[in-house]
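Just below is one structure, and these are the notes that go with it.
The values are calculated or read from the model by the stated rules, or taken from the named source; none is laboratory data. Just so it is clear, the model here is predicted, and its values are computed rather than measured. For neighbour counting, all protein chains shown are included, and Cβ atoms are generated from backbone atoms with ideal geometry for every residue, glycine included.
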Amino acid sequence: MKNQTDETEAKLAVSRFRLECSYEEFLRLLGQAARHILLQMGNRREFVIDNFNEPTIRQLHLYLSRNPDFSGDLDKGVMLQGKYGSGKTILMRSYAHIQNYIITRLELRYPLVSFATSMDIVGTIKQDGVKQFARRELIIDEFGREPKAVMDFGNTIRPLAELISLRAETGAITHATSNFSLETLSGDDFYGKMIGDRLRAMFNFIVVDGDSRRA
């Protein structure tokens, strides 16, 4: 019975949620989610959709609705790249908020999307191991800013490299935000060529244009 339950959970974890709404409705949902998140963060600045972030938002709608007009591969995850403060995090947090809200509200049989910073993930893996991150859809915020290697009871571990390898093996959908290019992330000072190849196989890379919105 337990094996059947595990198999069911595994299938649900790798199955894909599909959003069914117009782009205009998605913009409304995104705006509501972003304003809610900003207020939670104690930030009263207005969420603005403009020429810098609108192309990315349109691609997120196409991706979440599984539309073949999406510019990349619908079977990969999404990594938003761009300068510090360009709005990558608020877009992906809003993405997760919309998906989780609809899944919860409609009682759909999909796992919720997990969202965590790379620093928090390092701490969790060091304490509890990597297997808990094996399957559920995950957004890694600030990918590349965490320490690449940490000591664990005298042993050197590379938490994010282990995580990427594990999720590549399970086929779990992974999303991320990063200030760094794929070339930089693939360098020896970051994750190296092997992990870089896995990143290339796992992600659609979308650049969010513009400078910091935090001023």
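The test for being of a type in the set (Lys, Arg) and within 23 Å of LYS83 (Cβ to Cβ) does not hold for ARG167. Counting only helices (runs of 4 or more DSSP H) that sit completely within segment 30-146, those holding 3 or more residues that are within 28 Å of GLY192 (Cβ to Cβ) and touching an Asp or Glu at 6+ places or on another chain (Cβ under 7 Å) correspond to 118-128.
Residues of segment 37-64 that are of a type in the set (Lys, Arg) and either touching a strand residue (DSSP E or B) at 6+ places or on another chain (Cβ under 8 Å) or in contact (Cβ under 8 Å) with a residue 60 or more places away in the chain (or both): ARG45 alone. The set of residues in segment 65-102 being acidic (Asp, Glu) and either at pLDDT below 95 or in contact with a strand residue (DSSP E or B) (Cβ under 7 Å, 6 or more places away or on another chain) (or both) consists of ASP73 alone.
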